[in-house]
Amino acid sequence: MNRMGSGNIGQSLTAREIFELVHADLTRVEQEINVQLIASVDAITNIGKYLQASGGKRLRPILLLLSSHLAGPVTESSIRLAGVVEMIHAATLVHDDVIDIAQTRRGRPSPNVVWGNHSSVLAGDWLYMQAFQVALRERNFEILDILISLTQMMVEGELLQLERIGRVDVSESDYLDLVDRKTASLFSACARLGVMSGGAEDGLASRLGEFAWNLGMAFQLVDDILDFTATAEVLGKPVGNDLREGKVTLPLIYALEHASEQERQMVETVLADGNYERVPFDLVRVMIEQRGGFERAQHRATAFTEKSRALISAFPDSPYQRALLAVTDLVTDRDH
């Protein structure tokens, strides 16, 4: 199967160029996070450091920093806020792993496996509060408004997802609303906060926020396709995890529209069992492919990518504008 997108820009070169543009800034962000993760309770510090050491793409801080550069010079506020969004992202990961009873995160045991559910939930709460405490130092109500609205959206998304766990009748509209709340809203907030920390006008923040929202939608759609089509080694977690956890995502939603009754029952069996013991994972994957689920989801992801590309292309040419344009290719045409 042809992986996402056109891959117009060489991925390795693009990734290196982007990283070089913000490398010095990212180093400062990592230092900021290191300082902010020190708590009076060892378990909180240890969980925070564990998550930070496990790597990750740092896509959200990079998006904030590139947006800040596009608006003007990167400031101390930009660095602090990049740390804030990464801490909020980390908090959501800790809570998600508890809710999903996850075993691995980025190829390592997830925090709930190492420290248990109780400590992990409380550490996630602390990360949220620490992120807001850092943001409060900006003395900017608009920044706090964005972060509070964002956090509410993400929690509401998690609750909506819990309501739909194990249900086979999830619609495309339900799914896209969930992606908006859980992923795209954070991407949009990163771009808007980056612009605001650079001191630019609201119009620029709104336009970059729309670019990043479409980017976030594409990012999650690609993630959900890769959950079926990648390998565990590449993903850093088991394949087919979403369905095993009771989540029906877009490739499967599209496939079920044209599935036979027997194929539908096959999916319902996996949802009921929470494993692939009675219905092998490959049977589900092949069914989705044959029913056009991957292809249609790819087209949907590409549409969001093209919208984000059109929005960023309207900005004046600069290294940072080109980097944000390249990010759209990296998001769409990736294998993990």
*Quick one: H69 ticks every box in (1) over 21 Å from D125 (Cβ atoms); (2) modelled with pLDDT of 90 or more; (3) within 18 Å of the chain's Cα centre (by Cα) bar one, so which box is it?*
(3)
*Could you pull out every one of the helices (runs of 4 or more DSSP H) wholly within the stretch 224-336 that has 2 or more residues that are at pLDDT 95 or above, under 29 Å from G166 (Cβ atoms) and not charged (D, E, K, R)?*
250-256, 261-273, 281-290, 293-313
*Being within 26 Å of the chain's Cα centre (by Cα), of a type outside the set (D, E, K, R) and surrounded by fewer than 21 Cβ atoms within 10 Å (Cβ to Cβ), is that true of even one residue in the stretch 259-269?*
no
*Search the stretch 136-165 for residues that are touching a residue at least 24 places away in the same chain (Cβ under 8 Å) and pair each with any residue that is part of a helix (DSSP H, G or I) and among the acidic types (D, E) when their beta-carbon atoms are under 7 Å apart and the residues are at least 6 apart or on different chains.*
R164/D174
*Pairs where the first residue, in the stretch 203-227, is more than 17 Å from L186 (Cβ to Cβ) and the second is among the small types (G, A, S) and assigned to a helix (DSSP H, G or I), C-beta under 7 Å, 6+ apart*: L204/A71; I225/A297
*Qualifying positions in the stretch 1-60 - surrounded by 15 or more Cβ atoms within 10 Å (Cβ to Cβ), among the small types (G, A, S) and modelled with pLDDT under 85*: G5, G7, A15, S54, G56
_the stretch 75-119 - residue that is in contact with a Ser or Thr (Cβ under 8 Å, 6 or more places away or on another chain) and among the polar types (S, T, N, Q) and, of those, surrounded by the most Cβ atoms within 10 Å (Cβ to Cβ)_ = S78
*So which helices (runs of 4 or more DSSP H) are wholly in the stretch 58-176 and hold at least 1 residues that are of a type in the set (K, R) and over 30 Å from A323 (Cβ atoms)?*
141-164
*Do you know which residues across the stretch 171-202 are surrounded by fewer than 24 Cβ atoms within 10 Å (Cβ to Cβ), in contact (Cβ under 8 Å) with a residue 12 or more places away in the chain and more than 21 Å from K247 (Cα to Cα)?*
G198, G199, A200
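Here's the yes/no breakdown for (1) touching a strand residue (DSSP E or B) at 6+ places or on another chain (Cβ under 7 Å); (2) at pLDDT below 95; (3) closer than 23 Å to I38 by Cβ; (4) of a type in the set (D, E, K, R):
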| residue | (1), (2), (3), (4) |
| --- | --- |
| T92 | no, yes, yes, no |
| I99 | no, yes, no, no |
| T104 | no, yes, no, no |
| I146 | no, no, no, no |
| S149 | no, no, no, no |
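The values are calculated or read from the model by the stated rules, or taken from the named source; none is laboratory data. Here the structure is a predicted model, which means the values were calculated and not measured. Backbone-built Cβ (ideal geometry, glycine too); neighbour counts: all protein chains shown.
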